[in-house]
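First the structure, in the form of structure tokens, and then the observations on it.
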Amino acid sequence: MKLCLLAPRFPFPENGGDVLRINNIARYLKSKNFELVLISFYEDEIRLKKEYFALYDTIYMIKRTKIVSLFMSAFFALSGRPIQCGYYFSFAFLKQLRRTIKQELPDEFVSHLLRMVPYLEVTGQEKKSIVEMTDALSKTYGLSAKAKGSFIKKMIYKMELHLIRRYEKYVVARFPKVALVSEDDIRYLEEQCGRNSKSLALYTNGVDCMPVLPTSYNNHKICFVGNMRTLQNQDAVLHFVQDIFPIIKKAVPDAVFTVIGAEPSESIQALADGKNIVVTGFVDDIQAAVSDCCLAVAPVRVAAGIQNKVLVAMGCGVPVVLFPLIAKAIPELSDGENCFICDEADTFAQSCIRLLQESKTRDAMSKVGYEMVKENYSWNEKLEGYEKIL
């Protein structure tokens, strides 16, 4: 069977949870003997490598230009459709899709994220498509008022909320299958969509664990992992630095907070002080960057779905301190056993201090968390049966 995947950004390098997910879906389908055709936007020049074609049999890339994106964003907003769908809509991409349909004759289609759905509508492929929605965006946007960060971004999120909520209902009713990563998001959309929610399917995220637990770590190093262009990750880092990290430094003055993730904004880069706060930007080897940390933090207040940052850290043998909002999406998490779940700045900081100062507590939690992720969150296990919904 031939499958055509539509992606808003080129899925290499694997520097974010969204590209990790779509590539692992592709790896799973490849193992089931699917032939994969990728049509993707790109921004900076990309030199195609052999390993890309080991995953995708055919690759078509369309350059996204900001002028077109801004124009189409305004046009979509004025026509009552999500701004992000307009931002990723171009007639060059549509032309390539039509050419692919005619020449490649794909049997099925996957829209990676909600923003690529309009292409399937225009070409009339709804009945042959999966919408890889991943998260319920309207749920995330509804929480964005609490976020710290760019005022402009927050205003865009508020404008987008109504448009996204209406479009999610439309997509759930119109498409035969819509895949999400968390039970909470499934329940949320079931409430929103009522009897039209039969298309919803749960396929949670996985993670590639390190082969063995690391034997040593830096007992002063705290990390945050995430794609730093997103509002929710920027808000989490700013909240930690402003409200939590000062409490930690009073007890552990030489504690170092490392922000690991691609495309840090100017406000995030400005946090780096050359001593207690480090901002790495994109790293080639995420496991190497995380595995020597004493702990990872995830004070995420604006989010939906499973946060890969939690699974990645635990899969590296690094204990995680996180907020209840994102803990709910991973039912195997147990406060005080394989992680610490806290919702107040002071208790969050005290949990971090405990892991920094108590090596036995840290090592025990590291082992239990690692085993939990290894047992429950392999990609193949979590995607089992994905090919059957095609």
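The values are calculated or read from the model by the stated rules, or taken from the named source; none is laboratory data. Not measured: the values here are computed from a predicted model. Cβ atoms come from the backbone with ideal geometry, glycine included; neighbour counts cover every protein chain shown. All accessible areas refer to the heavy atoms of the entire protein, side chains included, with ligands and DNA or RNA removed. Shrake-Rupley method; radii C 1.70, N 1.55, O 1.52, S 1.80 Å.
Odds and ends about this structure:
- Taken residue by residue, segment 305-317 has no member that is surrounded by fewer than 20 Cβ atoms within 10 Å (Cβ to Cβ) and in contact with a strand residue (DSSP E or B) (Cβ under 7 Å, 6 or more places away or on another chain).
- A residue that is closer than 24 Å to Ser182 by Cα, not in a helix (DSSP H, G or I) and not charged (D, E, K, R) cannot be found anywhere in segment 364-376.
So that you can scan it fast, the table gives a plain yes or no per residue for (1) open to solvent by less than 20 Å² (accessible area, probe 1.4 Å); (2) without any contact (Cβ under 8 Å) to a residue 24 or more places away in the chain; (3) of a type in the set (Lys, Arg); (4) touching a Lys or Arg at 6+ places or on another chain (Cβ under 8 Å):
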position: Leu238; (1), (2), (3), (4): yes, no, no, yes
position: Asp254; (1), (2), (3), (4): no, no, no, no
position: Val259; (1), (2), (3), (4): yes, no, no, no
position: Ser265; (1), (2), (3), (4): no, no, no, yes
position: Val290; (1), (2), (3), (4): yes, no, no, no
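- Segment 319-333, residues that are in a loop (DSSP other than H, G, I, E, B) and open to solvent by 10 Å² or more (accessible area, probe 1.4 Å): Phe323, Lys328, Ala329, Pro331, Glu332, Leu333
- Matching residues, segment 167-196, being open to solvent by less than 20 Å² (accessible area, probe 1.4 Å) and either in contact with a Cys (Cβ under 6 Å, 6 or more places away or on another chain) or among the small types (Gly, Ala, Ser) (or both): Val172, Ala179, Ser182
- Checking each residue in segment 349-390 for being closer than 25 Å to Leu213 by Cα and of a type in the set (Phe, Trp, Tyr) picks out Tyr370, Tyr377, Trp379.
- Verdict on Val278 being under 22 Å from Met314 (Cα atoms), open to solvent by 50 Å² or more (accessible area, probe 1.4 Å) and among the hydrophobic types (A, V, I, L, M, F, W, C): yes
- Listed by first and then second residue, the pairs with beta-carbon distance under 7 Å, at least 6 apart or on different chains, first residue in segment 203-227 and touching a residue at least 24 places away in the same chain (Cβ under 8 Å), second polar (S, T, N, Q) and assigned to a loop (DSSP other than H, G, I, E, B), are Thr204/Ser182; Gly206/Ser378; Met210/Ser291; Pro214/Ser291; Asn227/Asn15.
- Taking segment 334-351 as the range and being over 20 Å from Arg301 (Cβ atoms) and open to solvent by less than 20 Å² (accessible area, probe 1.4 Å) as the test, only Asn338 passes.
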